[in-house]
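Trainee: Got a structure for you, questions after.
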2 protein chains.
Amino acid sequence: MTVTYSELSAKGLVIEKHPNPTQFENHSDLPSSRATDYLLEVTWTIDQGWGTPSLHPYGPLSLDPASSVLHYATTCFEGMKAYRSFDGKKVTLFRPLDNINRLNDSCARASLPQLEPNAALALLEKFVEMEARFIAPGSFIYLRPMVMGTNAHLGLTTPTEAKFLIMASMMPKLNAAPLKLCSSPPDQIRAWKGGFGYAKLGANYGPTLKANNEAIKNGFSQVLWLMGEEGIVTEAGGANFFAVIKNEKTGKDEIMTCPLTTGVILPGVTRRSVLELLRNKYTSEGVEVNEKEFTISDIEKASDEGRLVEAFAVGTAYFIAPVQTIRTPAGKDISVPMSIGTSGDYAHYIKETLSQIMWSKVEHPWSHPVASAQ
Amino acid sequence: MTVTYSELSAKGLVIEKHPNPTQFENHSDLPSSRATDYLLEVTWTIDQGWGTPSLHPYGPLSLDPASSVLHYATTCFEGMKAYRSFDGKKVTLFRPLDNINRLNDSCARASLPQLEPNAALALLEKFVEMEARFIAPGSFIYLRPMVMGTNAHLGLTTPTEAKFLIMASMMPKLNAAPLKLCSSPPDQIRAWKGGFGYAKLGANYGPTLKANNEAIKNGFSQVLWLMGEEGIVTEAGGANFFAVIKNEKTGKDEIMTCPLTTGVILPGVTRRSVLELLRNKYTSEGVEVNEKEFTISDIEKASDEGRLVEAFAVGTAYFIAPVQTIRTPAGKDISVPMSIGTSGDYAHYIKETLSQIMWSKVEHPWSHPVASAQ
């Protein structure tokens, strides 16, 4: 008998209705971080490819103790949100194919199977349709698509079995306080040239907890991840980082963020959107928006010379987060200006603009309506 | 009510007898890589510490889909073996506390809870006692202690729940053919200064599969992991790497392996043992045994000048593996001498000596008898 390899397909999706769906009067009654009711699950084997997708009640997975993911970190994921407009009528995703394509890049780096992008999007939409009742008007739920290796074999081998899952959770209200960042300790960096910082592998996250815990213990919100002896600024916590300085020569504002070319930072969907918005809005005013390497010393020097304009972190989970303080590796606290109180102008502009897109206050090609979700 | 935090303890171990233990006439009837019958499991919570250990029939774990280990690679492990002497009478471990201490170092790096070392050893012994019937005379089983984060929370947080597991498997007969190593591609390195190469985290393994697959596709056994533009030689596959060259100045053999000081390589238990054996045996003959950085160019130069003596990889899984070929990043194949046919003299000496210790042909402090196991 010939075994045929199947690509991921949303056709034939089996929906197993929840016997006991969560009852709630108000969304605010639901505990934050709580999982929603359903789990989307698709199983893959190296010989047969992707099986029939199933949308079933959320519950524990049964995994062999020797499963690849448990020992060898063969796992990658995405973070996304599903938004509901303030009038309650529209449910949307934000540039979802960008996340799906990045998940495929991560799968390739982790030697995991890839997903047919349109099938993955169709399954994501189906999932959001099923869980749309958890999204309050003007709010969102957090979506977590992931792929992990599940074959049971204690020797290190490329996964021959895997699962694609989509789950979701309520999210706590974001802390709106501007971030206090602490430079990463010299014995801990997040990523390196020739590593896998550009891919959203689990392996990029667990090892950051140690420095993060130390930062929080010392009163900071997040770690500012530096790289190399020169202290190249890469990311802030699990988000991309932007600094704005007045250029020494031109006197004009220069917006800087770490480039993707070295492969050390995550190519954030929010990052890309922020760059596009800033370039469209400010280039004509002479503001430069540059993806380039800069160091913590560059920020410190700009601050000393009164040229530091603002700084902010951007990402799906924390959205647009202005930065108020940065502690240098030498222990000096740089106070970052916030031109309009709790934010700088640039961060304020992109937060407002993206919010309008995400919550359907304007029509925009980045907003992806889930037509079936009400 | 006050909650008391408990350290790991072997006291109160609950043994749940297997209802249907594996029946076999000869060990050779058992498939390689097959799990043995039991799983040791201890659960930890941040408030209560370690619970009662349980030794129960091997079977699937029930894990919440949002479990930390599945998303954030909060996992670390050890590789060990339990050996049975050729006369069948003795079952031993090899320097087991070294592995347990390293597991604790890995836990610290991965923000996972640590184990009281003597309790962990007692549980390991109990496990080996239970599974000793799977170890043929003159053979071994492979042991896998591991700790992983199990709390279900989609936000990245330090594990508040974890499991310590011990499982074991039969192992395929090792391929005795000398290794062919291919230098890691420039866009993929295993570890870096400020990373976590020194800890046995899952996050060090999954991301190596990509380069390893490419190497195997091209006819090599393993990747020789280089670091930085200068090509510092760090590890071979999942093992430590040794090269022997004739020193340019003294003309004497110099045995070299990457130092631990930079934190990029795993502090192998076999590595440490090999260094001790070589120093004891050869230092008086003027042979230098150096933990120092050396590059792929150093090896190539030594080969060009007829000064390359031998090379070998050492580790628990692959034991002592002589190297026959190394492909440089430029694509040149260095032929590594093997003075006695399929091995060099040094590799042969340490393989013989360690074998005698592991299979109880000699009494040695590194050999740890499991008295209760027969």
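The values are calculated or read from the model by the stated rules, or taken from the named source; none is laboratory data. Not measured: the values here are computed from a predicted model. Glycine also receives a Cβ, built like all others from the backbone with ideal geometry; neighbour counts cover every protein chain displayed. The area values use the complete protein model at the heavy-atom level, side chains included, leaving out ligands, DNA and RNA. Shrake-Rupley method; radii C 1.70, N 1.55, O 1.52, S 1.80 Å.
Trainee: Give me the percent of Cα-Cα pairs in the protein assembly as shown that sit more than 40 Å apart, rounded to a whole number.
Mentor: 38 percent
Trainee: Residue separation times 0.36 nm, minus the C-alpha to C-alpha distance between B:Glu305 and B:Asn213: what's the value?
Mentor: 29.9 nm
Trainee: Another question about this same structure. What list of ³J(HN,Hα) couplings, whole Hz, do you get for segment A:210-221 from phi and the Karplus terms 6.51, -1.76, 1.60, once you set θ to phi - 60° and write x for glycine and proline?
Mentor: These are the phi-based 3J(HN,Hα) values: 4, 5, 5, 4, 5, 4, 5, 4, 8, x, 9, 8 Hz.
Trainee: Which of the lysines could a cross-linker bridge to A:Lys173, judged by Cα under 18 Å and excluding same-chain residues fewer than eight apart?
Mentor: A:Lys81, A:Lys351
Trainee: Between helix B:96-109 and chain B, what is the angle of the helix's C-alpha long axis to the longest principal axis, kept within 0 to 90° and rounded to the nearest 10?
Mentor: Between helix and principal axis, roughly 80 degrees.
Trainee: Take A:Asp333 and B:Glu230, extend 7 Å from each Cα along the Cα→Cβ direction, and tell me the distance between the two endpoints in nm.
Mentor: For A:Asp333 paired with B:Glu230, the spin-label model returns 4.0 nm.
Trainee: For A:Lys200, which aspartates and glutamates qualify as cross-link partners when the Cα separation must be under 12 Å and same-chain residues fewer than eight apart are set aside?
Mentor: Those aspartates and glutamates meeting the cut-off are A:Glu78, A:Asp105.
Trainee: Taking a label point 7 Å out from Cα toward Cβ, give me the nm distances from A:Pro31 to the same spot in the other copies, shortest first, one decimal.
Mentor: Here the equivalent label points are 4.1 nm apart from this one.
Trainee: Next up: Please list, in order along segment A:288-300, the HN-Hα scalar couplings obtained from phi with the Karplus expression 6.51 cos²θ - 1.76 cosθ + 1.60 (θ = phi - 60°), rounded to whole Hz, x for Gly and Pro.
Mentor: Values per residue, Gly and Pro as x: 8, 10, 10, 8, 7, 6, 9, 10, 4, 5, 4, 5, 4 Hz.
Trainee: Which one of B:Asn290, B:Phe94, A:Ser9 is farthest out on the positive end of the charge dipole of the protein assembly as shown, using unit charges on Cβ (Lys, Arg +1; Asp, Glu -1) and the Cα centre as origin?
Mentor: Among B:Asn290, B:Phe94, A:Ser9, the one farthest towards the positive end of the dipole of the protein assembly as shown is A:Ser9.
Trainee: Still on this structure, I have one more. At A:Glu352, label 7 Å along Cα→Cβ: distances to the other copies, nm, ascending?
Mentor: A:Glu352 label point versus its equivalents elsewhere: 8.2 nm.
Trainee: Please list, or write none, the aspartates and glutamates whose alpha carbon is within less than 16 Å of the alpha carbon of B:Lys193, excluding same-chain residues fewer than 8 places away.
Mentor: Here the aspartates and glutamates satisfying the reach criterion relative to B:Lys193 are A:Asp187, A:Glu229, A:Glu230, B:Glu229, B:Glu230, B:Glu235, B:Glu293.
Trainee: When the Kirkwood hydrodynamic radius is evaluated over all pairs of different C-alpha atoms of segment A:58-167, what value in angstrom, to one decimal, is obtained?
Mentor: 15.0 Å
Trainee: With +1 assigned to the C-beta of every Lys and Arg and -1 to the C-beta of every Asp and Glu, and no other charges, what is the dipole magnitude of the protein assembly as shown about the Cα centre in debye, to the nearest 20?
Mentor: That gives a dipole near 460 debye.
Trainee: Can you grab the distance from the C-alpha centre of segment A:161-202 to the C-alpha centre of segment B:181-238, Å, no decimals?
Mentor: 23 Å
Trainee: Using only DSSP helix segments of four residues or longer, with each worth -39500 (n - 2.57), what per-residue ellipticity at 222 nm results for chain A after dividing by its residue count and rounding to 500?
Mentor: That comes out to -6500 deg cm²/dmol.
Trainee: Write down, largest first, the equivalent ellipsoid semi-axes of segment A:27-102 in whole Å, where each equals the square root of 5 times an eigenvalue of the alpha-carbon gyration tensor.
Mentor: 29, 18, 14
Trainee: If we count every other residue with Cβ under 10 angstrom of A:Val323's Cβ, Lys/Arg +1 and Asp/Glu -1, where does the sum land?
Mentor: Every neighbour counted, the sum reads 0.
Trainee: Continuing with this model, one more query. Can you give the relative contact order of chain A as a percent, counting alpha carbon pairs under 8 Å and 6+ residues apart?
Mentor: That works out to 18 percent.
Trainee: Same structure, new question: Is there a quick way to get the dipole size of chain B? I mean about its Cα centre, with the Cβ of Lys and Arg at +1 and of Asp and Glu at -1; what is the value in debye to the nearest 20?
Mentor: Once rounded to the nearest 20, the dipole reads 400 debye.
Trainee: Now, a different point. Which Rg and Dmax, in Å, describe the Cα atoms of chain B?
Mentor: Over chain B's Cα set, Rg and Dmax evaluate to 21.6, 74 Å.
Trainee: Related question: With the full set of protein chains in place, find how many percent of the accessible area of the protein assembly as shown is carbon and sulfur; take the probe as 1.4 Å.
Mentor: 50 percent
Trainee: Could you give the length gained by full extension between B:Ser54 and B:Val14, i.e. 0.36 nm per residue of separation minus their alpha carbon distance, to one decimal place?
Mentor: Answer, rounded to one decimal: 13.9 nm.
Trainee: Continuing with this model, one more query. Taking the Cα atoms of segment A:234-292, report the difference between the largest and smallest coordinate on each principal axis, in whole Å and largest first.
Mentor: Projected onto the principal axes, the Cα atoms of segment A:234-292 cover 31, 22, 19 Å.
Trainee: Rounded to the nearest 100 Å², what is the buried accessible area between A and B, both sides summed, probe 1.4 Å?
Mentor: Interface area, both chains combined: 4400 Å², rounded to the nearest 100.
Trainee: Most mobile of B:Thr316, B:Thr270, B:Thr22 per a Gaussian network model of chain B (Cα springs, under 10 Å)?
Mentor: B:Thr22
Trainee: Taking the Cα-to-Cβ direction at A:Ala108 and at A:Thr160 and moving 7 Å from each Cα, how far apart do the two end points lie in nm?
Mentor: In this crude label model, A:Ala108 to A:Thr160 measures out at 2.6 nm.
Trainee: What is the mean number of Cβ atoms from other protein chains located within 10 Å of the Cβ atom of each residue in peptide A:191-199, rounded to a whole number?
Mentor: Per residue, the average neighbour count from other chains is 5.
Trainee: What is segment B:1-140 by shape, rounded, prolate or oblate, if you read a ≥ b ≥ c off the alpha carbon gyration tensor as root eigenvalues and call it rounded for a/c under 1.5, prolate for a/b larger than b/c, and oblate otherwise?
Mentor: prolate
Trainee: So if I take the centroid of the Cα atoms in segment B:1-46 and the same for segment A:348-374, what is the distance between those two points in Å?
Mentor: Taking the Cα centre of each part, segment B:1-46 and segment A:348-374 sit 52 Å apart.
Trainee: Further question on the same structure: Taking H as built 1.01 Å from N, whose amide H comes closer than 5 Å to the amide H of B:Glu235, not counting residues under 5 places away?
Mentor: B:Trp225
Trainee: Right, something else. When each copy gets a label point 7 Å from Cα toward the beta-carbon at B:Lys249, what are the spacings between them in nm, shortest first?
Mentor: 4.8
Trainee: For segment B:267-313 and segment B:99-153, what is the centre-to-centre distance using only Cα atoms, to the nearest Å?
Mentor: Taking the Cα centre of segment B:99-153 as reference, the centre of segment B:267-313 is 31 Å away.
Trainee: Taking amide hydrogens as modeled 1.01 Å from N in the peptide plane, which residues meet the under 5 Å criterion relative to A:Val289, leaving out close sequence neighbours?
Mentor: Correct list: A:Ile255.
Trainee: Any idea of the accessible area per residue across segment B:47-179, 1.4 Å probe, to the nearest Å²?
Mentor: So segment B:47-179 comes to 29 Å² accessible per residue, rounded to a whole number.
Trainee: Between A:Lys193 and A:Ala136, what length in nm is gained on full extension when 0.36 nm per residue of separation is reduced by their alpha carbon distance?
Mentor: Length difference between fully extended and current span is 16.3 nm.
Trainee: Kindly provide log₁₀ I(q)/I(0) values, in the same order as q = 0.09 Å⁻¹, from the Debye equation applied to equal alpha-carbon scatterers of segment A:179-358.
Mentor: -0.28
Trainee: Right, something else. Might you report the magnitude of the Cβ-based charge dipole of segment A:14-173 about its Cα centre, with Lys and Arg at +1 and Asp and Glu at -1, to the nearest 20 debye?
Mentor: Computed about the Cα centre, the dipole is about 480 debye.
Trainee: Over 20 Å between Cα atoms, which of B:Lys249/B:Lys281; B:Lys301/B:Lys332; A:Lys210/A:Lys301; B:Lys180/B:Lys332; A:Lys90/A:Lys163; A:Lys163/B:Lys163 qualify?
Mentor: B:Lys249/B:Lys281; A:Lys210/A:Lys301; A:Lys90/A:Lys163; A:Lys163/B:Lys163
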